[in-house]
1. Could you work out the equivalent-ellipsoid semi-axes for the range 5-53, taking the square root of 5 times each eigenvalue of the Cα gyration tensor, largest first, in whole Å?
2. In vacuo Debye scattering of the range 84-133, one point per C-alpha: log10 I(q)/I(0) at q = 0.30 Å⁻¹?
3. Taking 8 Å as the Cα distance limit and 6 or more residues as the minimum spacing, I'd like the relative contact order of the range 32-82 as a percentage.
4. Order 71-81, 9-19 from most to least packed using the mean count of other Cβ atoms within 10 Å.
5. Straight-line reach from residue 39: which aspartates and glutamates have Cα under 14 Å away, leaving out those fewer than 8 places along the same chain?
6. Using just the alpha carbons, could you tell me how many Å³ per residue the convex hull of the range 100-207 encloses?
7. Among the listed pairs 79/113; 49/71; 79/129; 113/201; 49/170, which have their C-alpha atoms separated by more than 20 angstrom in this model?
8. Could you compute the FRET efficiency for residue 55 and residue 166, with r as their C-beta to C-beta distance and R0 at 30 Å, rounded to 0.05?
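The values are calculated or read from the model by the stated rules, or taken from the named source; none is laboratory data. Quick caveat: nothing in here was measured; it's all calculated off a predicted structure. Note that we place each Cβ from the backbone using ideal geometry, even for glycine, and neighbour counts take in every protein chain shown. We work out accessible area using only protein heavy atoms, side chains counted, and drop any ligands, DNA or RNA first. Shrake-Rupley method; radii C 1.70, N 1.55, O 1.52, S 1.80 Å.
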Amino acid sequence: MYKVGIVIFDDFTDVDFFLMYDLLGRTTDSWTVSILGTKPEHHSHLGMKVTTDGHISEVTNQDVVLITSGKGGIPAAMKDAEFMSALSLDPNKQLIGSICAGSFILHELGLLKGKPLTTNPDAKGVLQKMGGDVQDLPLVVEGNIATAGGCLSLMYLIGWVAERLFDSSKRKTIQNQLIPAGQLELFEELISATIQSAELKNSHNKAFKSDS
């Protein structure tokens with residue numbers, strides 16, 4: 001069983017967390033999902049309370065670490081010394097991903113400085129001023145790190161995780177339940193092509209190996 005950790009903080013974007021958690025939670029025989037933060041509970045931008053399963057420092061024990069987003073939550077998290085110091089990630093041993101402004105965290109940690117990444121389109125200019133090589137793409141893969149831009153690009157990010165850990169069949173099992181009626185082939189072509197394109201652009205693609 002793989003271990004997947006979702007990193008949250010106060011003022012996180014609701015859809016980014018809940019859709020990510022829902023997609024991952026549809027599989028119970030391949031991985032366990034833990035919600036990690038700096039407090040026993042965090043509140044979303046819309047006021048929803050989410051109880052954490054452990055402290056953010058437990059990211060070191062995860063095979064996959066995914067960082068949520070938040071227009072106000074991300075800047076605050078980046079100023080939080082406890083949060084940033086505890087977020088110890090190793091792309092040589094872990095799959096790491098972010099949705100929207102979550103890529104700011106990966107860039108600030110030095111994991112993607114000078115490397116291509118993506119983010120929410122509204123945040124592109126800010127990240128560029130910080131030195132980010134922001135691509136106008138829904139999914140960017142760099143080694144074992146993937147960044148996704150735009151809330152609905154979670155379909156690509158979670159699909160990427162499923163394909164890296166297993167294969168396209170696992171991805172389809174997770175995602176097909178969400179596809180609008182009558183559009184399965186259309187969405188499958190889009191999702192598959194987006195993930196394949198991101199991997200082809202990946203300058204140092206490595207097969208993921210875990211101790212699990």
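1. On the way: eigenvalues 75, 31, 10 Å².
Semi-axis lengths for the range 5-53 are 19, 12, 7 Å.
2. Scattering profile of the range 84-133, log10 relative to I(0): -1.26.
3. Values: 41 pairs, mean separation 15.3, N = 51.
Over the range 32-82, the number comes to 30 percent.
4. Details: 71-81: 16.6, 9-19: 21.9.
Averaged packing, sorted descending, gives the order 9-19, 71-81.
5. Cα-Cα hits under 14 Å: 10, 11, 53, 58, 80, 82.
6. 94
7. Values: 79/113 18 Å; 49/71 17 Å; 79/129 17 Å; 113/201 17 Å; 49/170 30 Å.
Violating the 20 Å Cα-Cα cut-off are 49/170.
8. On the way: r = 29 Å, r/R0 = 0.95.
It comes to 0.55.
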